[in-house]
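Notes follow the structure.
The values are calculated or read from the model by the stated rules, or taken from the named source; none is laboratory data. Bear in mind that the values here come from a model prediction, so they are computed numbers and not experimental data. As a convention, Cβ positions derive from the backbone with ideal geometry for all residues, glycine included, and neighbour counts pool all protein chains shown. In case anyone asks, the SASA skips ligands and DNA or RNA and just uses the protein heavy atoms, side chains included. Shrake-Rupley method; radii C 1.70, N 1.55, O 1.52, S 1.80 Å.
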Amino acid sequence: MSILHTPVSESRARQDIKKSRFLAIADTISSVEAAQAFVGLHADPTAHHNCWAWRFGQSYRFTDDGEPSGTAGKPILQAIDGQGLDRVVVMVTRWFGGVRLGTGGLIRAYGGTAALCLHNAEKVPLLETIPATLTCQFGDLALLQARIGAQAGVEIQSTRFNDTGAQWSLAIPRDKVDTMSRLVNDLTHGRADLRFDELCRE
């Protein structure tokens, strides 16, 4: 299985196609909420179309923002997947120049501008992670959150509270499974329960 990558930082690419101007902006994201914030930040109200796509693991979204269905958002997502990227969002903004591009032309313009932007971006490999569930009491919550949040590569993806404490959904790098198990056990003297949603196999 090939290793997925993500951009290191924001990258941009511009193309002028039959008098229309296209600007692509791409960046890495740490959550679905970060993707939504990126879209809100980079949508240009002076442009005719702000089309975008993002992928975060198995979650993805895209929009054509007024362009014919399937001609903008989906080609942007295909550019992301075609380059083996994850945890990434791409916005392609178009200022219409008066010449219609047709369905094929739009697909090539949006997909091509996104692909150019992503190709030029500096990228790093994503660590293989294992989904896990951590259940803890309120008394251990603050310490665990601080210590787990400081672990490189470990992500707290969601938190649910109950009467006695909290349950977190985590993504833990495969090579940190044993370390995290010991850390959680030591910090809470065995009170917290860390369970991995899939078995670790060599």
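The table for this structure:
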{"read-out": "Selection count, the range 15-53, where residues are closer than 15 Å to Gly111 by Cβ and of a type outside the set (Gly, Ala, Ser)", "value": "7"}
{"read-out": "Selection status of Leu116, open to solvent by less than 60 Å² (accessible area, probe 1.4 Å) and part of a helix (DSSP H, G or I)", "value": "no"}
{"read-out": "Close pairs (6 angstrom Cβ cut-off, 6 or more residues apart or separate chains): under 13 Å from Gly112 (Cα atoms) and outside any loop (DSSP other than H, G, I, E, B) in the range 7-31, of a type in the set (A, V, I, L, M) and open to solvent by 60 Å² or more (accessible area, probe 1.4 Å) anywhere", "value": "Ala13/Leu116"}
{"read-out": "The range 67-96, residues that are among the hydroxyl-bearing types (Ser, Thr, Tyr) and touching a residue at least 24 places away in the same chain (Cβ under 8 Å)", "value": "Thr71, Thr93"}
{"read-out": "Set Val177, Val154: member being among the β-branched types (Val, Ile, Thr) and over 17 Å from Ser31 (Cα atoms)", "value": "Val177"}
{"read-out": "Residues (surrounded by 22 or more Cβ atoms within 10 Å (Cβ to Cβ) and touching a residue at least 40 places away in the same chain (Cβ under 8 Å)) located in the range 50-65", "value": "Cys51, Trp52, Ala53"}
{"read-out": "Pair list, Cβ < 8 Å and 6+ apart or interchain, from the range 153-172 residues that are over 17 Å from Asp193 (Cβ atoms) and among the small types (Gly, Ala, Ser) to residues that are open to solvent by 40 Å² or more (accessible area, probe 1.4 Å) and not in a strand (DSSP E or B)", "value": "Gly153/Leu127; Gly153/Lys176"}
{"read-out": "Of all residues in the range 33-49 being of a type in the set (A, V, I, L, M, F, W, C) and assigned to a loop (DSSP other than H, G, I, E, B), the one that is least open to solvent (accessible area, probe 1.4 Å)", "value": "Ala47"}
{"read-out": "Scope the range 66-80; condition within 25 Å of Leu126 (Cβ to Cβ) and open to solvent by less than 70 Å² (accessible area, probe 1.4 Å); matching residues", "value": "Gly73, Pro75, Ile76, Leu77, Ala79, Ile80"}
{"read-out": "Candidate set: the range 119-164, residues that are under 23 Å from Val32 (Cβ atoms) and of a type in the set (Lys, Arg); chosen: the one surrounded by the most Cβ atoms within 10 Å (Cβ to Cβ)", "value": "Lys123"}
{"read-out": "Residues (outside any loop (DSSP other than H, G, I, E, B) and under 22 Å from Leu126 (Cβ atoms)) located in the range 142-167", "value": "Ile148, Gly149, Glu155, Ile156, Gln157, Ser158"}
{"read-out": "Test result for Leu170, open to solvent by 70 Å² or more (accessible area, probe 1.4 Å) and either out of contact with any Ser or Thr (no Cβ under 9 Å at 6 or more places or on another chain) or not in a loop (DSSP other than H, G, I, E, B) (or both)", "value": "no"}
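Each row is one residue, and each column tells you yes or no for (1) more than 30 Å from Phe96 (Cβ to Cβ); (2) out of contact with any Lys or Arg (no Cβ under 6 Å at 6 or more places or on another chain); (3) among the polar types (S, T, N, Q).
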| residue | (1), (2), (3) |
| --- | --- |
| Thr6 | yes, no, yes |
| Ser9 | no, yes, yes |
| Lys18 | no, yes, no |
| Ile25 | no, no, no |
| Val39 | no, yes, no |
| His42 | no, yes, no |
